[in-house]
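K.L.:
To start, I am sharing the structure in question, which I have written as structure tokens.
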Amino acid sequence: MSVSRVSATTRAALAGGIALSSVVLLSGTAFAHVSVQPQGEAAKGGYATVNLKVPNERDNASTVKVEVNFPLDHPLASVMPQPVPGWKAEVTKSKLDKPLEMHGKKINEAVSKVTWTADGSKIGPGQFQQFPLSLGRLPEDTDELVLKAIQTYDNKEVVRWIEPQKEGAEEPENPAPVLKLSAASADEDHHGGAAPSASAGSDEKAGHDDRTADHEETAAASSATDTTARVLGVVGILVGIAGVAFGVLAGRRRSA
């Protein structure tokens with residue numbers, strides 16, 4: 001291999017390494033924020049299960065406390081944290097200026113904050129932790145919920161993930177987690193389940209018809225096979241009889 005070819009190969013390898021390093025660094029920066037992610041769909045007017053994902057951004061400290069705040073201008077009557085081993089959850093409620101109506105009842109207060117405190121566990125450097133929440137009923141008059149979060153480290157450092165993302169602007173240094181809400185579906189019940197659709201019934205009927213047709217084709221093929229076997233059997237018997245008769249006649253001729 002010539003020197004020029006080696007140099008070209010080396011330059012290509014260096015360029016690829018630099019590009020890969022840039023992607024890794026940028027990915028680490030982009031995905032190192034506290035975020036909220038729905039499990040499935042978070043539809044307006046329904047219920048949803050979401051994960052608050054909290055990464056540790058420090059190399060010399062561990063996260064020992066996480067707090068997420070819910071907007072009271074779009075209140076949620078129900079916020080239930082799922083138990084997380086090694087963490088203690090506390091739910092805080094606040095009174096509402098305008099009561100909510102749910103299932104025919106008026107609700108005068110809503111969950112304003114959930115706080116997780118380390119109780120035998122921590123989020124160490126290079127790790128993340130997910131905190132599941134059940135939310136409902138989701139508001140119908142907004143496309144998103146901004147859930148401001150506060151992250152506390154064991155060295156007393158506090159990071160406030162509370163900056164809103166402005167349209168057309170660059171991402172802020174400490175953006176607030178945002179839960180995007182999808183449009184409500186007419187066939188979806190308020191607990192996140194989907195009602196059976198007409199197309200599902202049609203598909204099921206079509207599948208049944210296909211299975212019936214396959215069964216009929218199989219039966220027809222089987223019948224044809226049986227008929228062929230019977231014909232061949234009869235032919236074989238006739239050939240056998242003819243052979244016997246020919247043998248008898250041949251014997252008589254030799255005797256004569």
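K.L.:
Could you state how much accessible area VAL146 has, in square angstrom rounded to the nearest 10, with a 1.4 Å probe and all protein chains kept in place?
P.N.:
For VAL146, solvent-accessible area is about 50 Å².
K.L.:
Continuing with the same structure: With r defined as the distance between the Cβ atoms of ASP119 and ASP141 and R0 fixed at 51 Å, what FRET efficiency is calculated, to the nearest 0.05?
P.N.:
Rounded to the nearest 0.05, the efficiency is 0.85.
K.L.:
Mind giving me the FRET efficiency for LYS106 and ASN155? R0 is 51 Å, r the Cβ-Cβ distance, nearest 0.05 is fine.
P.N.:
So, using R0 = 51 Å, E works out to roughly 0.65.
K.L.:
Among 132-140, 156-164, how do they line up from the highest to the lowest mean number of other beta-carbon atoms within 10 Å?
P.N.:
Going by the mean number of other Cβ atoms within 10 Å, highest first, we get 132-140, 156-164.
K.L.:
Note down the nm distance, to one decimal, between modelled labels 7 Å out along Cα→Cβ at SER134 and at LYS166.
P.N.:
According to this spin-label approximation, the distance is 4.0 nm.
K.L.:
So, taking all protein chains as they sit and a 1.4 Å probe, how much accessible area belongs to HIS33, in Å² rounded to tens?
P.N.:
30 Å²
K.L.:
What lysines does LYS113 reach when the alpha-carbon gap must be under 20 Å and sequence neighbours fewer than 8 apart in one chain are set aside?
P.N.:
Excluding near neighbours in sequence, the set is LYS53, LYS65, LYS88, LYS93, LYS95, LYS98, LYS148, LYS180.
The values are calculated or read from the model by the stated rules, or taken from the named source; none is laboratory data. Please read these numbers as outputs of a predicted model, since none were measured by experiment. Cβ atoms come from the backbone with ideal geometry, glycine included; neighbour counts cover every protein chain shown. In case anyone asks, the SASA skips ligands and DNA or RNA and just uses the protein heavy atoms, side chains included. Shrake-Rupley method; radii C 1.70, N 1.55, O 1.52, S 1.80 Å.
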